[in-house]
Amino acid sequence: MFSFLPPPITTYNQIYSDTLTAMMELVSQLIGPSVDHPNTPECRIVAAGTIDGSATINGNSQQLGNELDTALLLGLRQWSDCILVGAGTVRAENYGQVLIPKEIQKQRQDRGQHPTPPLIIVSRSLHFPTTSRLFSHDGQPQVAITDLENAQEINVEKLTQHGWEIINVPRLTATGIIQALTDRGFRRIISEGGPQLNSALLAARLVTKIHLTLDPLLCLSTTNPLFGLGTSDEILPCTLEHVHHSNDGNVFL
């Protein structure tokens with residue numbers, strides 16, 4: 001699932017218990033092995049779409065996937081060093097803080113990770129209304145990547161005043177974005193989309209693995225394809241490592 005509207009914090013622990021914990025073994029299989037070499041970063045995409053390749057239904061992804069898809073996304077967030085996402089997806093899905101249960105935070109610290117993976121938002125304008133759930137982060141650091149030469153100064157000042165870290169990447173190239181993250185020690189990077197960001201990462205050959213959920217739906221007027229409207233004719237070969245299907249027809253690749 002490439003974008004995710006988190007549940008209210010009061011219900012999160014129950015959902016986590018009912019989904020991720022009960023499905024831990026299957027989620028572990030879907031996540032698969034990690035690269036152990038400390039100098040080898042992993043940039044993975046997690047995405048969900050219809051069988052004809054639409055990334056959204058009625059403007060967002062909330063009708064795509066199932067409980068296992070949610071558990072997979074939560075598991076990948078737990079696995080990751082940081083979560084990369086485009087500003088358009090943040091607005092469409094009404095993103096808020098990243099929620100990790102206390103016991104998982106302790107496990108992350110024990111293996112040298114930050115207790116909660118930071119949300120890294122790629123944005124040209126840095127325009128987010130102060131009513132956004134991003135500003136109710138309860139002390140959790142927020143990070144934005146932008147090209148400061150083109151970003152609106154008033155938005156830079158507003159986010160800085162709210163405690164955001166602003167990372168400057170000239171021209172917002174995919175290579176520059178991943179390099180900026182690896183320079184900060186982020187080795188396990190999960191991209192939750194949207195399609196344009198994922199397309200840029202794929203075109204730059206920076207993606208090591210795709211976690212793709214196909215929902216048994218057809219969206220015959222697709223305007224938001226899973227991996228964007230790229231202009232390249234290049235074909236990227238992939239290798240299928242694992243497949244699982246749920247009784248409701250969702251397929252996990």
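Given a 1.4 Å probe and heavy atoms of the protein chains only, how would you sort Ser232, Ser246, largest accessible area at the top? Before the final figure, lay out the partial values.
On the way: Ser232 80, Ser246 20 Å².
I get Ser232, Ser246, largest accessible area first.
How much accessible area per residue does the stretch 52-209 have, in Å², with a 1.4 Å probe?
Numbers: 6790 Å² over 158 residues.
With the other protein chains kept in place, the stretch 52-209 gives 43 Å² per residue.
Considering only the other residues whose Cβ falls under 14 Å of the Cβ of Pro129, what net charge follows from Lys and Arg at +1 and Asp and Glu at -1?
Working: positive: Arg91, Arg133, Lys158; negative: none.
My count for the surroundings of Pro129 gives +3.
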Next on the checklist: Rolling a 1.4 angstrom probe over the protein chains, ignoring ligands and nucleic acids, what is the accessible area of Phe227 in square angstrom, nearest 10?
Outcome noted: 60 Å²
Checklist entry - Quick one: ranking His211, His37, His245 by accessible area, 1.4 Å probe, largest first, what do you get? => result His245, His37, His211
Checklist outcome for this item: With all protein chains in place and a 1.4 Å probe, Cys82 shows an accessible area in Å² (nearest 10) of 0 Å²
Checklist entry - How much length is gained on full extension from Asp110 to Cys238, taking 0.36 nm per residue of separation minus their Cα-Cα distance? => result 42.7 nm
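Relative contact order for the chain: what is it in percent, counting Cα pairs under 8 Å that are at least 6 residues apart? Don't jump to the answer; show the numbers that get you there.
Values: 446 pairs, mean separation 73.8, N = 253.
Over the chain, the number comes to 29 percent.
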Checklist outcome for this item: Sorting Arg108, Arg133, Arg188 on solvent-accessible surface, 1.4 Å probe, most exposed first, gives Arg133, Arg188, Arg108
Checklist entry - Quick one: with all protein chains in place, what share of the accessible area of the stretch 170-253 is carbon or sulfur, to the nearest percent (1.4 Å probe)? => result 56 percent
Checklist outcome for this item: Once the dipole of the chain is set up from charges on Cβ (+1 Lys and Arg, -1 Asp and Glu), the residue from the list Ala144, Asn58, Gly228 lying farthest towards its positive end is Ala144
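The values are calculated or read from the model by the stated rules, or taken from the named source; none is laboratory data. These numbers were taken from a predicted model, which means no experiment stands behind them. Virtual Cβ from ideal backbone geometry, glycine too; neighbours counted across all protein chains shown. Keep in mind that these areas ignore ligands, DNA and RNA; they rest on the heavy atoms of the full protein, side chains included. Shrake-Rupley method; radii C 1.70, N 1.55, O 1.52, S 1.80 Å.
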